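Here is the structure we will look at, set down as structure tokens.
The values are calculated or read from the model by the stated rules, or taken from the named source; none is laboratory data. Bear in mind that the values here come from a model prediction, so they are computed numbers and not experimental data. SASA here: full protein model, heavy atoms, side chains in, ligands and nucleic acids out. Shrake-Rupley method; radii C 1.70, N 1.55, O 1.52, S 1.80 Å.
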Amino acid sequence: MAIKHGSKVDKSFSSSAMTDLMFLLLIFMILATTLINNPNALRLLLPKSANKVQQDSNRTTVSIQHDIENNSYNYYVNGKPVSGINEVEEELHRLLDGESEPTVSLQCDKSAALDEVVKVMNIAKDNDYKLILDTQP
């Protein structure tokens, strides 16, 4: 008496779905490692404006005020007026050299141009200062 197998199992494997998944994972890993390991990325800490932020005595404050009448910008370091962006950098060097974790708190008018804010951000990035953008609660 011969025993017949009713069905044969197909042993083939379709890998088309697996290649799509691997391609997406590869793209994700490339993008994630590029964003994490970018040494030129600007590290910015933005406090939540809904919470009350503690004032730290170790922070150095840089303020940018837009003078609308003269269409110019006034800079202040720890409340002391300075003449321009170059003097801001010199004053920050003087105040923050030798500190273990130098922190700069940036305060600016709503009407201040983004170019002026980026200038201070570049000073902080070039000198490895931690930068905090102050907001009103």
Quick one: how many Å² of Ile27 are accessible to a 1.4 Å probe, rounded to 10? 70
Please turn the phi angles of the stretch 25-34 into ³J(HN,Hα) values with the Karplus equation 6.51 cos²θ - 1.76 cosθ + 1.60 (θ = phi - 60°), one per residue in order, whole Hz, x for glycine and proline. 5, 4, 4, 4, 5, 5, 5, 5, 6, 5
Residues meeting the amide H criterion for Val82 (H placed from the backbone, H to H distance under 5 Å, 5 or more places apart or on another chain) are Tyr75, Tyr76, Val77
Near the amide H of Leu133, under 5 Å away, which other amide H atoms are found, from residues 5 or more places off or on another chain, if H is placed in the peptide plane? Leu45, Leu106
Ordering Arg94, Arg59 from largest to smallest accessible area (1.4 angstrom probe), what's the sequence? Arg94, Arg59
